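Novice: My questions all concern the structure below.
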């Protein structure tokens, strides 16, 4: 499964941010911006967790151990 957002959605986030600064957004555009940003943040978090789940620590003696978070839980 791919966790990154497509280019069109990122372009839309950037367009809405520029428009917000220059002329403002309608209520519908504000809602769209909120939803796109939330989706972007969730995508980023999933990607980071996936990367961390595949990270290993190499000890001085050469042994490898899987990176874990406290209580062996990564955030959802």
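Novice: Quick one: how many residues across region 56-69 are part of a loop (DSSP other than H, G, I, E, B), surrounded by 10 or more Cβ atoms within 10 Å (Cβ to Cβ) and touching a strand residue (DSSP E or B) at 6+ places or on another chain (Cβ under 8 Å)? If you could, list the steps in order and put the result at the bottom.
Specialist: Looking only at region 56-69, we keep the residues that are part of a loop (DSSP other than H, G, I, E, B), and these are 59-63, 67-69.
Now narrow it down to the ones that are surrounded by 10 or more Cβ atoms within 10 Å (Cβ to Cβ): 67-69.
Filter once more, keeping what is touching a strand residue (DSSP E or B) at 6+ places or on another chain (Cβ under 8 Å): 67.
Qualifying residue count for the region: 1.
Novice: Within the group 42, 32, 8, which residue is in contact with a helix residue (DSSP H, G or I) (Cβ under 8 Å, 6 or more places away or on another chain), free of Cβ contacts under 8 Å to residues at least 60 places away in the same chain and in a helix (DSSP H, G or I)?
Specialist: Details: 42 fails: in contact with a helix residue (DSSP H, G or I) (Cβ under 8 Å, 6 or more places away or on another chain); 8 fails: in contact with a helix residue (DSSP H, G or I) (Cβ under 8 Å, 6 or more places away or on another chain).
Of the residues listed, the single one that is in contact with a helix residue (DSSP H, G or I) (Cβ under 8 Å, 6 or more places away or on another chain), free of Cβ contacts under 8 Å to residues at least 60 places away in the same chain and in a helix (DSSP H, G or I) is 32.
Novice: Can you tell me which residues in region 13-29 are without any contact (Cβ under 8 Å) to a residue 24 or more places away in the chain and not in a loop (DSSP other than H, G, I, E, B)?
Specialist: Of the residues in region 13-29, the ones without any contact (Cβ under 8 Å) to a residue 24 or more places away in the chain are 14-29.
Result: 14, 15, 16, 17, 18, 19, 20, 21, 22, 27, 28, 29.
No value in this document is a laboratory result; all are computed from the given coordinates. Because the structure is predicted, anything quoted here is derived from the model rather than measured. With ideal geometry, Cβ positions are generated from the backbone for all residues, glycine too; neighbour counts draw on all protein chains shown.
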